[in-house]
Amino acid sequence: MAKKMSKENKKKGRYILYSLVFLVLGFIFAFSYRTLGKDSRETSPSPTFQEEEQYRADLIVQKERNKELSEEIRSKQAVIREFEQSFSENEENHAVLVEEAKDLRLLLGVIPAVGSGVRVTLKDGDYDPIEQNPNDYIVHESHVLRVVNELKISGAQGIAINGQRISSNSYIKCTGPVIQIDGRTLPAPFVVEAIGDADILTSSLNLGGGVVDSLVHDNIEVTLEQVKALKLPALRDES
């Protein structure tokens with residue numbers, strides 16, 4: 001009887017041992033499966049994950065490209081600003097040169113002059129030829145030159161005498177009761193017209209002890225008036 005019990009106990013012990021072994025093996029298999037499955041998922045990403053990663057990579061590339069394009073745009077804009085500034089400066093310089101050339105042509109008398117200015121008329125003074133010397137009462141080239149020089153100094157852009165335009169190279173010569181300007185004979189009265197700032201030209205001529213006073217002192221009749229619209233011809237071509 002005791003021997004039979006011993007066999008049954010041994011048999012139950014083997015069952016328990018096998019059960020424990022199978023339980024451990026099952027646990028090991030289950031753990032291995034979970035580990036291998038996780039590694040498999042990690043090493044073999046899903047299509048959705050791969051697509052997201054590609055989008056991220058493309059986005060990074062696009063951002064870098066945008067940065068490069070932004071730098072290029074800023075560089076081009078700087079070049080454009082420099083060009084615009086240079087163009088503006090050249091345009092201003094061109095305008096200045098054009099204005100200077102126009103003023104020079106006006107002074108040289110090669111083009112007609114139009115504008116406001118003054119008109120100065122010089123007439124011989126009243127005298128008695130029997131009792132007085134006529135030379136002390138007639139207009140000489142020196143009188144005309146005083147007016148012309150004062151007008152030039154005061155900024156006149158163009159000057160004409162009896163419709164004869166004069167330049168910086170013009171010469172005036174007195175011959176009795178007439179004067180010659182660049183070879184043309186002009187009789188009295190002598191009308192000097194000048195284009196420029198009428199107020200400045202008038203003030204310069206009327207200065208105390210100035211041109212007008214000296215002409216009156218020399219018995220010359222002087223009439224000075226401001227004119228809103230004068231037109232002076234260009235120099236005559238005598239060639």
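The values are calculated or read from the model by the stated rules, or taken from the named source; none is laboratory data. Every value quoted in this text rests on a predicted model; they were computed, and no experiment measured them. Reconstructed Cβ throughout: ideal geometry from the backbone, glycine too, with neighbour counts over all protein chains shown. Only protein heavy atoms, including side chains, enter the accessible area calculation; ligands, DNA and RNA are left aside. Shrake-Rupley method; radii C 1.70, N 1.55, O 1.52, S 1.80 Å.
Given the residues 237, 199, which is the only one that is modelled with pLDDT of 95 or more and not in a strand (DSSP E or B)?
Working: 237 fails: modelled with pLDDT of 95 or more.
Only one candidate qualifies: 199.
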Residue that is modelled with the lowest pLDDT [pool: residues in the stretch 97-151 that are among the hydroxyl-bearing types (Ser, Thr, Tyr) and either touching a Cys at 6+ places or on another chain (Cβ under 9 Å) or open to solvent by less than 80 Å² (accessible area, probe 1.4 Å) (or both)]:
137
Could you list, in sequence order, the residues of the stretch 152-165 that are closer than 19 Å to residue 222 by Cβ and open to solvent by less than 30 Å² (accessible area, probe 1.4 Å)?
154, 156, 159, 160, 161
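Counting only residues that are of a type in the set (Asp, Glu) and surrounded by 14 or more Cβ atoms within 10 Å (Cβ to Cβ), which one in the stretch 214-229 is farthest from residue 112 (Cα to Cα)? Walk me through how you get there before you give the answer.
We begin by selecting, within the stretch 214-229, every residue of a type in the set (Asp, Glu); these are 218, 221, 225.
Still in the running and surrounded by 14 or more Cβ atoms within 10 Å (Cβ to Cβ): 218, 221.
Values: 218: 33, 221: 29 Å.
Among those residues, the one meeting the criterion is 218.
Condition first: closer than 25 Å to residue 133 by Cβ and either among the charged types (D, E, K, R) or in contact with a helix residue (DSSP H, G or I) (Cβ under 8 Å, 6 or more places away or on another chain) (or both). Now tell me which residues in the stretch 193-233 satisfy that. Break it down into steps so the answer makes sense when it comes.
Keep residues of the stretch 193-233 that are closer than 25 Å to residue 133 by Cβ, which gives 209, 211-223.
Within the stretch 193-233, 211, 212, 213, 214, 215, 218, 219, 220, 221, 222 qualify.
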What's the total number of residues in the stretch 166-191 that are among the polar types (S, T, N, Q), open to solvent by less than 50 Å² (accessible area, probe 1.4 Å) and either within 21 Å of residue 218 (Cα to Cα) or modelled with pLDDT of 90 or more (or both)?
0
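Given 138, 179, which one is closer than 25 Å to residue 234 by Cβ and touching a Phe, Trp or Tyr at 6+ places or on another chain (Cβ under 9 Å)? Outline the logic, then answer.
On the way: 138 fails: closer than 25 Å to residue 234 by Cβ.
Exactly one residue qualifies, and that residue is 179.
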